[in-house]
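Peer 1: Below: one structure in structure tokens.
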Amino acid sequence: MIPYGRQSLDQADIDAVVQVLQSDWLTQGPGIEAFEQAMALRCQAAHGVAVCNATSALHIACLAAGLGPGDWLWTSPNTFLASANCGRYCGAQVDFVDIDPHTWNLDAQALERKLLFAAAKGRLPKVLVAVAFSGQSCDMRRLAELAERYGFILIEDASHAVGASYAGRPVGCGEFAAMTVFSFHPVKIITSAEGGMVMTNDAELADHLRRLRSHGMTRDPAQMRGDSHGPWYYQQTELGFNYRMTDLQAALGLSQLNKLDEFVQRRRYLAERYRQRLQELPLTLPRSQAEAQSAWHLYVVRLQPEGLRRSHREVFEGLRAAGIGVNLHYIPVHLQPYYQDLGFAAGDFPEAERYYAQAISLPMYPGLSDDEQDYVVEQLQRLLRAPEAA
Ligand SMILES: *Cc1c(COP(=O)(O)O)cnc(C)c1O
């Protein structure tokens, strides 16, 4: 089966992890800071705070933004559950903004309309999680203007977008978002097995994130109430978690970072190749936004409903039957039973729902060969063109 995504590991990655196993520190060692600093340098950000996955990164980013009970978090319905759940972890209410029918990212115009309405009702969000869907940032310039005007904090969920750029600068640089979250799950652009990081230019936020990832503890006398009792002393100043990354993961992440450019280049090559080979088929292909250079975590196509010989499900199942592990990103979050129990219903975000009825994620990862990609294209052609005989 050709998967839709998978990691690319080499001997250097394996050696980096083995070296940690032979060292004094399996966790909380020097590898974490090395990975954080390398990511910060790469993203042109002042600080990186590594954690055990992007879900916990989103959680502590929301807490550091001051999100709590009585507040609202808004995000896109076309995302992984974690972009919305982070608001619920903080006791906040969650709402969604429908997607742009072309970029499949949160629609800045829909956001502006919703903000006007929310301002009138006194229900403005405290946090907006802007998901860089498939590796392409939202219209961050516009979102940042709206954040300024309406006083919410912009967090970019760039789980798909390590190595992407926007407005000529790396995603994560913090020009538009107060905090940017990356995921290093194996299907993402680079991996640390499990892992995540929050990038920020705000030293206070970075400090706060570091405390939250480790039990709300500090060993810095400047952050303590009263005097330190001695060199052993630490204080818990608030409720935090154990969201730490291990040194094994950090070493893998750092080693993978050396290959980031190569990985993204290969993904861009494959995306262009798909575009050339699929443009004659009854498909809507991903559309790039002028300011954003995607990292191409996903390559999603939408079936055009007119004159389809097979249903969306039949095409999907046909590809799976042909040994192609296609996937579907994403089931609109508001349609999940958990969110339905909170009051959301089918029809609430029609663009995201229309998208869901048509979308298929094709295989996209650096190790996908040209021949394998050609096979995917052939199978799509067969399923979309051939008459009834399946
Ligand atoms: C993968 C993903 C996450 C969660 O990442 P983990 O590292 O698996 O916790 C969050 N948001 C988006 C958009 C993702 O794709």
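The values are calculated or read from the model by the stated rules, or taken from the named source; none is laboratory data. Note that the structure is predicted; figures quoted are calculated from it, not measured. All Cβ positions, glycine included, derive from the backbone under ideal geometry; neighbour counts span all protein chains shown.
Peer 1: Inspect all residues belonging to the range 165-174 and state whether any of them is within 21 Å of the chain's Cα centre (by Cα) and either of a type in the set (K, R) or outside the structural domain of S76 (by TED's automatic domain parsing) (or both).
Peer 2: Of the residues in the range 165-174, the ones within 21 Å of the chain's Cα centre (by Cα) are 165-174.
Imposing the further condition that a residue be either of a type in the set (K, R) or outside the structural domain of S76 (by TED's automatic domain parsing) (or both) reduces the set to 169.
Yes, there is a match, as at least one residue in the range 165-174 is within 21 Å of the chain's Cα centre (by Cα) and either of a type in the set (K, R) or outside the structural domain of S76 (by TED's automatic domain parsing) (or both).
Peer 1: A further question follows. If you check D15, D24, which single one turns out to be at pLDDT below 95 and either out of contact with any strand residue (DSSP E or B) (no Cβ under 8 Å at 6 or more places or on another chain) or not assigned by TED's automatic domain parsing to the domain that holds V377 (or both)? Steps first, answer last, please.
Peer 2: Working: D15 fails: at pLDDT below 95.
From the options D15, D24, the qualifying one is D24.
Peer 1: What number of residues in the range 68-84 are buried (at least 20 other Cβ atoms within 10 Å of the Cβ), not in a loop (DSSP other than H, G, I, E, B) and not hydroxyl-bearing (S, T, Y)?
Peer 2: 4
Peer 1: Given the criterion small (G, A, S), away from the ligand (no atom under 12 Å from the Cβ) and more than 14 Å from P125 (Cβ to Cβ), identify the matching residue among G91, G68. Reasoning before the result, please.
Peer 2: On the way: G68 fails: more than 14 Å from P125 (Cβ to Cβ).
Residue meeting the stated conditions: G91.
Peer 1: Restricting attention to the range 134-180, which residues are under 27 Å from L116 (Cα atoms), surrounded by fewer than 24 Cβ atoms within 10 Å (Cβ to Cβ) and of a type in the set (S, T, Y)?
Peer 2: Within the range 134-180, Y150 is the sole residue that qualifies.
Peer 1: So, one more: What are the residues in the range 338-390 that are of a type in the set (A, V, I, L, M), within 21 Å of L278 (Cα to Cα) and assigned to a loop (DSSP other than H, G, I, E, B), if any?
Peer 2: Taking the range 338-390 and keeping what is of a type in the set (A, V, I, L, M), we get 342, 345-346, 352, 357, 359-360, 362, 364, 368, 376-377, 380, 383-384, 386, 389-390.
In the following step, the residues that additionally are within 21 Å of L278 (Cα to Cα) were identified as 357, 359-360, 362, 364, 368, 376-377, 380, 383-384, 386, 390.
Matches in the range 338-390: A357, M364, L368, A386, A390.
Peer 1: Just the residues that are farther than 13 Å from N85 by Cα and out of contact with any strand residue (DSSP E or B) (no Cβ under 9 Å at 6 or more places or on another chain), please, taken from the range 323-336.
Peer 2: Matches in the range 323-336: I331, L335.
Peer 1: Turning to a different aspect of this structure: Among residues belonging to the range 48-64 that are more than 13 Å from the chain's Cα centre (by Cα) and surrounded by fewer than 24 Cβ atoms within 10 Å (Cβ to Cβ), point out the one that is nearest to the ligand (Cβ to nearest atom).
Peer 2: First, pick out the residues of the range 48-64 that are more than 13 Å from the chain's Cα centre (by Cα): 48-52, 59-64.
Add one more test, that the residue is surrounded by fewer than 24 Cβ atoms within 10 Å (Cβ to Cβ), and what stays is 52, 63.
Values: C52: 8, L63: 16 Å.
The qualifying residue nearest to the ligand (Cβ to nearest atom) is C52.
Peer 1: How do the pairs read when you match residues in the range 12-32 that are charged (D, E, K, R) with residues anywhere that are loosely packed, with under 12 Cβ neighbours inside 10 Å and not in a loop (DSSP other than H, G, I, E, B), using Cβ under 9 Å and keeping only pairs 6 or more apart or on different chains?
Peer 2: So the pair list comes out empty.
Peer 1: Tell me the residue from V326, V377 that is closer than 28 Å to H185 by Cα, surrounded by 20 or more Cβ atoms within 10 Å (Cβ to Cβ) and touching a residue at least 60 places away in the same chain (Cβ under 8 Å), please.
Peer 2: Values: V377 fails: surrounded by 20 or more Cβ atoms within 10 Å (Cβ to Cβ).
The unique qualifying residue is V326.
Peer 1: Still on this model: For the range 236-323, which fully contained helices (runs of 4 or more DSSP H) count at least 3 residues that are farther than 28 Å from I32 by Cα?
Peer 2: Working: elements: 247-257, 260-278, 312-321.
Qualifying helices (runs of 4 or more DSSP H): 260-278, 312-321.
Peer 1: Assess whether L260 counts as being modelled with pLDDT of 95 or more, exposed (fewer than 15 other Cβ atoms within 10 Å of the Cβ) and away from the ligand (no atom under 16 Å from the Cβ).
Peer 2: Details: modelled with pLDDT of 95 or more: yes; exposed (fewer than 15 other Cβ atoms within 10 Å of the Cβ): no; away from the ligand (no atom under 16 Å from the Cβ): yes.
So L260 does not fit the description; no.
Results for (1) among the polar types (S, T, N, Q); (2) away from the ligand (no atom under 16 Å from the Cβ), shown as yes or no for each residue.
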{"residue": "R169", "(1), (2)": "no, yes"}
{"residue": "A177", "(1), (2)": "no, no"}
{"residue": "F184", "(1), (2)": "no, no"}
{"residue": "E204", "(1), (2)": "no, yes"}
{"residue": "T218", "(1), (2)": "yes, yes"}
{"residue": "A222", "(1), (2)": "no, yes"}
{"residue": "N242", "(1), (2)": "yes, no"}
{"residue": "Q249", "(1), (2)": "yes, no"}
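Peer 1: Still on this model: Residue by residue through the range 1-11, note down the ones that are loosely packed, with under 12 Cβ neighbours inside 10 Å and either more than 23 Å from L270 (Cβ to Cβ) or aromatic (F, W, Y) (or both).
Peer 2: Residue satisfying the conditions is Q11 alone.
Peer 1: While we're looking at this one, here's another question. If V97 passes every condition in (1) over 15 Å from the mean Cα position of the chain (by Cα); (2) within 16 Å of the ligand (Cβ to nearest atom); (3) under 21 Å from P337 (Cβ atoms) but one, which one does it miss?
Peer 2: Of everything listed in (1) over 15 Å from the mean Cα position of the chain (by Cα); (2) within 16 Å of the ligand (Cβ to nearest atom); (3) under 21 Å from P337 (Cβ atoms), V97 misses just condition (3).
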